[in-house]
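The values are calculated or read from the model by the stated rules, or taken from the named source; none is laboratory data. Keep in mind it's a predicted model, so treat the numbers as computed, not measured. Ideal geometry is used to build each Cβ from the backbone, glycine not excepted, and the neighbour counts take in all protein chains shown.
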Amino acid sequence: MQNFSHVPVLKTEVLENFQLNNDDLFLDCTLGGGGHAKAIIERFNPRIYIGVDQDKEAIEAAKKNLKNFKTVQYEHSNFKEIPKKLLDKKGLFGGILVDLGVSSYQIDNSERGFSFNKDAKLDMRMNQDNEFTAWAVVNGYSEKTLADIIYKYGEERESRRIASAIVKRREKSTIDTTLQLQQIVSAAVKGDKKKAVQKVFQAIRIEVNSELDELDVFIKQVFELLRHGGRLAIISFHSLEDRIVKNVFQELTRGCICPPSFPQCVCNHKPEGKLVTKKPIIAGQQELELNSRSSSAKLRIIEKL
Ligand SMILES: C[S@@+](CC[C@H](N)C(=O)[O-])C[C@H]1O[C@@H](n2cnc3c(N)ncnc32)[C@H](O)[C@@H]1O
């Protein structure tokens with residue numbers, strides 16, 4: 001395993017927006033190398049810090065980084081499984097952090113097949129125990145499905161042209177490596193080649209790891225684990241992710257849900273949370289200069305009433 005390198009994004013803003021006491025539990029749904037974790041433990045010292053990641057290498061890196069902190073409990077799992085695993089601790093969490101997407105370590109580690117700059121097998125699994133890989137998407141999906149995911153998750157307008165080029169090439173031989181895919185996409189598009197390759201790789205990664213599936217359900221379930229006054233902070237890197245976060249937060253903070261035509265409220269529906277951030281927090285100039293990854297990060301926070 002190569003050295004784990006990942007700079008936590010919006011670290012200052014994350015710290016400023018939690019208010020924890022010593023008796024609180026903290027849930028970190030995307031532990032990565034433990035960058036945010038270290039900062040949060042040093043600042044707030046929660047009673048128990050539960051760190052979840054579906055990538056075993058991330059858990060190993062975090063164990064090293066956080067070896068001096070005895071309050072950390074590690075959980076190798078998809079975070080979508082966590083709300084039901086922690087039902088006995090419902091209402092005990094003063095803070096929950098979800099820092100979505102992949103880490104720089106995953107991207108930079110050539111063997112993982114996330115990067116179009118490094119030749120590797122088409123893999124892109126965050127959880128290497130899963131069997132479904134980028135190879136299966138690229139070599140197995142129909143032309144239409146490929147075009148749809150490239151359009152939806154990659155927001156790439158030349159999706160049809162790219163899908164057609166992938167399928168044509170596949171008729172001769174399978175597409176096995178990141179560099180082969182990169183070359184096929186570059187040759188297929190008329191516009192910015194680098195951007196198109198980036199978007200195709202992003203789309204396939206989101207598909208391989210089912211990143212957007214049931215994200216809304218997960219957010220509602222994990223919110224239930226908070227105590228009153230506890231806060232859930234979510235950092236997203238993709239417009240579709242951010243839209244899901246925004247919509248669920250709006251739903252959780254809505255009061256009356258009667259139709260507008262009703263003269264008075266009959267539903268008695270009460271908001272469950274209040275928005276801490278009306279607009280998402282984004283990286284400042286200094287962070288943007290130091291960490292280009294922060295440029296697409298959006299942080300939204302909700303507090304349980
Ligand atoms: C952006 S990194 C987190 C970095 C971390 N906050 C830090 O400061 O080091 C995202 C991490 O979340 C993990 N991850 C993404 N989706 C996940 C999921 N559904 N379940 C569990 N872990 C997930 C990835 O494996 C990756 O290690």
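Kindly indicate whether I175 is modelled with pLDDT of 95 or more and under 12 Å from F201 (Cβ atoms). The answer is no for I175. May I ask you to list the residues in the stretch 224-243 that are more than 16 Å from the ligand (Cβ to nearest atom) and either over 19 Å from F26 (Cα atoms) or not basic (K, R) (or both)? E224, L226, H228, G229, G230, S239, R243, listed by residue number. It is to be established whether one or more residues within the stretch 33-43 are β-branched (V, I, T) and more than 8 Å from the ligand (Cβ to nearest atom). For the stretch 33-43, residues β-branched (V, I, T) and more than 8 Å from the ligand (Cβ to nearest atom): present.
Within the stretch 227-243, the set of residues being touching a strand residue (DSSP E or B) at 6+ places or on another chain (Cβ under 7 Å) and hydroxyl-bearing (S, T, Y) comprises S236 only. Got at least one residue in the stretch 197-219 being out of contact with any Phe, Trp or Tyr (no Cβ under 6 Å at 6 or more places or on another chain) and farther than 21 Å from M126 by Cβ? No: the stretch 197-219 contains no residue that is out of contact with any Phe, Trp or Tyr (no Cβ under 6 Å at 6 or more places or on another chain) and farther than 21 Å from M126 by Cβ.
Scanning the stretch 229-288 for residues that are at positive phi and without any contact (Cβ under 8 Å) to a residue 40 or more places away in the chain returns a single hit, N268. Which one of L92, L122 is more than 18 Å from the chain's Cα centre (by Cα) and surrounded by 22 or more Cβ atoms within 10 Å (Cβ to Cβ)? Just a single option satisfies the conditions, and that option is L122.
The single condition among (1) buried (at least 18 other Cβ atoms within 10 Å of the Cβ); (2) under 19 Å from the mean Cα position of the chain (by Cα) that K152 does not meet is (1).
Return yes or no: is I96 among the aliphatic types (A, V, I, L, M) and over 30 Å from L232 (Cα atoms)? Considered against the rule, which asks whether it is among the aliphatic types (A, V, I, L, M) and over 30 Å from L232 (Cα atoms), I96 comes out as no.
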